[in-house]
Amino acid sequence: MNIEETEQEIIDEFEIFDDWMQKYEYLIDLGKSLPLIDHQYKTDEKLIRGCQSKVWMHSELKAGNVIYTADSDAIITKGMVALMVRVLSNHTPTEIVNANLHFIEKIGLTKHLSPTRSNGLVSMIKQMKLDALVYQQKINN
Amino acid sequence: MINTLHSITRSSIDIEKIRMDFPILSRKVNGKPLIYLDNGATAQKPTKVIDAINTFYTHQNANIHRGVHTLSQELTTAYENARITIQKHINAAFPHELIFTKGTTDSINLVAHSFGKKFISSGDEIIISAMEHHSNILPWQQLGEEKGALLKIIPINVEGELLMAEFEKLLTAKTKLVAVTHVSNTLGTINPVKEIIRLAHTKNIPVLIDGAQAVPHQNVDVRDLDADFYCFSAHKLFGPTGVGILYGKEKWLNLLPPYQTGGGAIKTVTFEKTEYADLPFKFEAGTPHIAGGLGLAAAIDYINEIGLTNIAAYEHELLIYATNALEKINGLKIIGTAKEKASVISFVVEGLHAFDIGTLLDQLGIAIRTGHHCTQPLMNYYNIQSTLRVSISFYNTKEEIDELIKGLSQAIKMLT
């Protein structure tokens with residue numbers, strides 16, 4: 001499944017929710033799932049500083065694809081982190097760099113992308129793309 | 001325990017009429033009626049303030065202090081009358097002791113710059129407290145780094161009250177200034193600033209008070225306090241953003257060099273030398289935020305129509321009501337339990353992140369603040385990352401507090 005297909009899959013999943021509570025309950029359930037990151041990577045070095053919630057993110061290149069793992073100390077943020085990992089992980093650096101991530105708007109979470117939200121999501125997307133860019137350049141060289 | 005004596009004085013507030021004065025309170029957020037409990041961040045604006053700003057741009061606009069034409073002269077009079085309104089409100093001795101600034105942060109920076117330039121040198125000490133907002137830490141920290149001066153911190157107890165005996169010990173021959181907050185934006189603690197000033201003055205040390213969180217909730221009399229400098233923002237006082245006040249005693253303001261220089265702040269300029277204007281214009285270079293000044297005066301007129309004594313009594317009722325209700329929630333812990341508190345309640349919920357709770361409350365139309373509230377050293381003291389903060393104003397109601405409690409219970413249920 002390519003990135004756009006995964007995005008569409010998430011959009012379809014969110015469409016069945018009637019109200020905000022179901023949507024957030026789903027995010028919370030995603031967030032409550034086991035930590036997504038290997039404990040050894042939960043260090044300050046891997047911390048993406050947001051104002052309110054902490055996000056740790058680790059990436060590595062495996063067989064030409066970028067594998068992301070991440071975690072957050074806030075459950076809703078962690079739910080959003082889980083969605084981001086599901087969409088971007090295990091794709092080539094070029095696919096990741098070019099992804100437009102329109103699903104965030106389609107599932108009604110755009111407000112979490114406003115710069116004032118400072119929940120780490122904006123910084124996380126930026127860092128995920130930056131990591132992919134670095135791998136892309138490594139491959140091209 | 002909060003001092004409940006105040007609540008004996010029943011408030012006389014016509015809440016329905018007051019709520020009509022604030023147009024924003026009738027809007028919906030996420031499909032729900034807005035419940036605005038983030039007044040510590042900024043307060044909402046009454047029609048009277050909005051009208052004053054509107055009138056300025058539609059009927060009065062000109063530049064002030066410069067023109068011979070009618071508009072300029074009328075507006076100069078209106079602006080200087082606004083200064084007098086503010087002077088009377090805080091009982092300053094003269095209008096020229098009021099400097100229009102961009103806000104509290106700007107006022108503190110002004111003093112740090114100008115007082116620092118003239119009076120601070122290597123080895124000197126400046127006293128602040130453990131509960132200061134970053135705005136009353138960073139200017140002094142920066143000054144200290146530039147001049148080799150040291151910051152001394154008044155410690156607090158776990159209730160969030162200043163340890164006054166420790167404060168007295170910090171006052172030495174090296175102390176050049178004391179800068180403390182009147183009311184803590186995070187804890188709500190009302191500090192004994194009159195006593196702080198009295199103690200500092202026994203050693204001839206001037207005191208700056210950050211009054212940003214105090215002026216919306218209580219009468220402030222700078223002469224009764226004997227404050228040397230008192231700073232506040234219009235926007236927390238139901239006025240416009242981008243304008244604030246530095247009150248300074250005439251003798252101090254005359255001693256300080258200008259902060260920013262430019263048009264309006266001068267008597268004569270040659271390329272060799274400038275003679276600066278008298279107070280307050282020495283500190284007001286450039287065209288000021290005229291709409292802001294007029295809006296602030298309108299806000300002060302508005303709150304004086306209701307009366308800060310009534311406001312304080314009503315807010316105290318709501319504080320007690322909300323505190324009692326919050327304490328009943330399992331796992332909820334209030335941070336800041338000083339005897340003297342303004343209507344600000346910070347709390348944490350065991351095992352839950354403030355951001356998650358705040359996000360869910362937002363979905364219910366309930367606006368509260370989550371985070372460190374620009375008081376990271378204070379968060380470190382309590383060994384927490386963040387709190388949820390409910391800050392109550394006189395247009396809030398017990399019904400809104402009930403909705404908050406319901407919303408909190410719902411959010412906690414969803415998150416656990």
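The values are calculated or read from the model by the stated rules, or taken from the named source; none is laboratory data. The structure displayed is predicted, hence computed values, not measured ones. Cβ placement follows ideal geometry from the backbone for every residue including glycine, while neighbour counts extend to all protein chains displayed.
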Legend entry - Given (1) within 12 Å of chain A (Cβ to nearest Cβ); (2) within 17 Å of B:Gly40 (Cβ to Cβ), index of the condition B:Ile366 fails: (1)
Inset, instruction - Exactly one condition in (1) under 16 Å from the mean Cα position of the chain (by Cα); (2) away from chain B (no Cβ under 14 Å); (3) in a helix (DSSP H, G or I) is not met by A:Pro35; state its number. - result: (3)
Inset, instruction - Return the residue satisfying two criteria in turn: it lies in the stretch B:323-357 and is assigned to a helix (DSSP H, G or I) and surrounded by fewer than 23 Cβ atoms within 10 Å (Cβ to Cβ), and of such residues it is farthest from the other protein chains (Cβ to nearest Cβ). - result: B:Asn324
Legend entry - the stretch B:404-416: number of residues that are buried (at least 16 other Cβ atoms within 10 Å of the Cβ) and small (Gly, Ala, Ser): 2
Inset, instruction - Sort out which residues of the stretch A:49-75 are more than 12 Å from the chain's Cα centre (by Cα) and either modelled with pLDDT of 90 or more or aliphatic (A, V, I, L, M) (or both), and write them in order of number. - result: A:Glu60, A:Leu61, A:Lys62, A:Ala63, A:Gly64, A:Asn65, A:Val66, A:Ala74, A:Ile75
Legend entry - Unmet criterion (only one of (1) within 14 Å of chain A (Cβ to nearest Cβ); (2) buried (at least 22 other Cβ atoms within 10 Å of the Cβ); (3) not hydroxyl-bearing (Ser, Thr, Tyr)) for B:Ile401: (1)
Inset, instruction - Would you list the strands (runs of 3 or more DSSP E) that sit entirely within the stretch B:217-272 and hold 1 or more residues that are closer than 30 Å to B:Leu318 by Cα? - result: B:229-233, B:244-248
Inset, instruction - Consider A:Ile76 carefully, then state whether it is in contact with a Ser or Thr (Cβ under 6 Å, 6 or more places away or on another chain), crowded, with 17+ Cβ neighbours inside 10 Å and part of a loop (DSSP other than H, G, I, E, B). - result: no
Inset, instruction - Would you be able to say whether some residue in the stretch B:360-379 is among the charged types (D, E, K, R), farther than 28 Å from B:Val158 by Cα and either part of a helix (DSSP H, G or I) or at pLDDT 95 or above (or both)? - result: yes
Inset, instruction - Pick out, from the stretch B:60-149, the helices (runs of 4 or more DSSP H) lying fully within it that include 1 or more residues that are closer than 15 Å to B:Tyr230 by Cα and over 16 Å from the mean Cα position of the chain (by Cα). - result: B:70-90, B:104-119
Inset, instruction - Please indicate, with yes or no, whether at least one residue in the stretch B:92-101 is of a type outside the set (Asp, Glu), buried (at least 24 other Cβ atoms within 10 Å of the Cβ), in contact (Cβ under 8 Å) with a residue 40 or more places away in the chain and more than 27 Å from B:Val178 (Cβ to Cβ). - result: no
Inset, instruction - Among the numbered conditions (1) in contact (Cβ under 8 Å) with a residue 24 or more places away in the chain; (2) touching a strand residue (DSSP E or B) at 6+ places or on another chain (Cβ under 6 Å), tell me where A:Gly64 comes up short. - result: (2)
